[in-house]
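Below is one structure, written out as C-alpha cells; the observations come after it.
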Amino acid sequence: MNEIIHITTMPEVLTAIPRSPDQNPAFVYLASLSARSGRKTQKQVLEVMAAWLGGTIASVEWGALRYAYTIALKGRVLDAGYGPASTRKFIAALRGTLKAAWKLGQISAEEYAKAIDLGKIGGSSLPAGRYVEESEMEQLFDACIADHSPNGARDAALLAILYGCGVRREELINIDLADYKPDDGTLTVHGKRGKDRLAYISNGTQDALNDWLKARGWQPGPLFLAVYASGRIRQDKRLSPQMVYNTVFKRVKDAGLEKFSPHSLRRSFCSKLLDSGVDIATVSKLAGHTNIQTTSIYDRRPGETQRAGALLLHIPYKKRAE
C-alpha cells in the first residue's frame, strides 16, 4: 500500500500553482492551533508527510487526498518506526488538515469522512524526558550564584519558577511583573486556551525571584527580560521560548549535569508533588492540566516509590497448610 505514495503515481495531489495561505488547508489548520509549540511540532509533521508525497506543504493539494492515500501515509509513519505518541501527532495533523480542506470546500463531506477513518493508534511509550533530582537543582543554583551578573540572578529565578511552579516555557515568557503579588506570594500564570491559574511562590523560589527583582527593578513589563552581554538589562525585550531553552541548556552545562529540557522541570514539579502525597487532582490544577490523565503521564517518580506504594496493598490470602 505504501508504494502509492510517490510523485509519479500521485500527480493529482501536487499543484503547480500553490494556493494562498488562507486557502491552503495545512496553513489554515496550523493557524487554528493556539499553542506556538504545537504549531511548530505539527508543521514539522506536515513537512515530513508532504515530502513523502513528493512536494512541500505549499505544493501538496491536500483536498485531493483520499482514503487510499491517507491509510498509506499512516503505514509510512508506522514503517518509519515512530512511537505511538508521535504517530498520533501525524494522524492528528493529517485529520486537522483534511478538516480544514473540507471547511474550505476542497473535499466533499463523504470523501473527508472516508479519508480520516484511520482507526486508533494503540500502544503507549514511556514518557520523554527525565526526573530532575533536588541535588541537581542545587548544582544548577550554585552555577547561577557563581555568575555575579544580572544573568545569574535572572537564570536562578527562571529555574526556580520552572521547577517550583511547573510552568511551561510559553507560560513563563508571558508572565508580567503585574502578575506577581509579593504580599500573598501568588503568581498568575496565563495558560493554554486562555485559562489562567495561580502558582504559589515560597521559600527558595521566592528568594531567587526577589534577588532577580533587585537587579531587574520594579518597572512594569515582562517579569523575565533579556540581558545584554555587557550585563545591561533590556527593559523592552521579553524572552522567547528558545531563549528559555538555551538558558536551561547553558546552566545544565555549567553545572556539569546530564542534559535535560525545561519541560523536565515541569515533569519533576508534578512528580515531586505526587511523591510528597499531594492528590493527583490538586497536582493537575497546579499544572494547568485539563485532564487528570495528562498529569499521570508526568509522574516521574522512581520505580522504588511505585513499588513501595504497591506494597501497601494488603492481599488477604492465607498460605495453605502443609
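Read-outs throughout are calculated quantities, based only on the coordinates presented, and are distinct from any laboratory measurement. This one's a predicted model, so the numbers in the text were calculated from it and none came from an experiment. All Cβ positions, even for glycine, are placed from backbone atoms using ideal geometry, and neighbour counts span all protein chains on display.
Helices that extend 15 Å or more along their long axis by alpha-carbon positions and average at least -1.0 on the Kyte-Doolittle scale are, among the DSSP H runs of the chain, 36-52, 67-79, 84-103, 134-145, 150-165, 241-254, 262-275. For the range 178-271, the set of trypsin sites (Lys or Arg not before Pro) satisfying both a DSSP loop assignment and a count of at most 15 other C-beta atoms within 10 Å is given as LYS195, ARG232, LYS259. Dividing the C-alpha radius of gyration of the chain by 2.2 N^0.38 Å, with N its residue count, gives 1.22. Quick one: which of LYS89/LYS250; LYS40/LYS259; LYS181/LYS214; LYS74/LYS120; LYS181/LYS272 span more than 18 angstrom between C-alpha atoms? Where the Cα-Cα span goes over 18 Å, the pairs concerned are LYS89/LYS250; LYS40/LYS259; LYS181/LYS272. The charge dipole of the chain, taken about the Cα centre with unit charges on the Cβ atoms of Lys, Arg (+1) and Asp, Glu (-1), comes to about 520 debye, rounded to the nearest 20. Distances between placed amide hydrogens fall under 5 Å for ILE116 paired with no residue 5 or more residues away or on another chain. Each of SER20, TYR298, GLY63 was scored by the projection of its Cα onto the charge dipole of the chain, and the greatest displacement toward the positive side belongs to GLY63; charges sit on the C-beta of Lys, Arg, Asp and Glu. Under 5 Å between amide hydrogens, built in the peptide plane, is the criterion, and for GLY221 it picks out LEU177, ALA178 among residues at least 5 positions away or on other chains.
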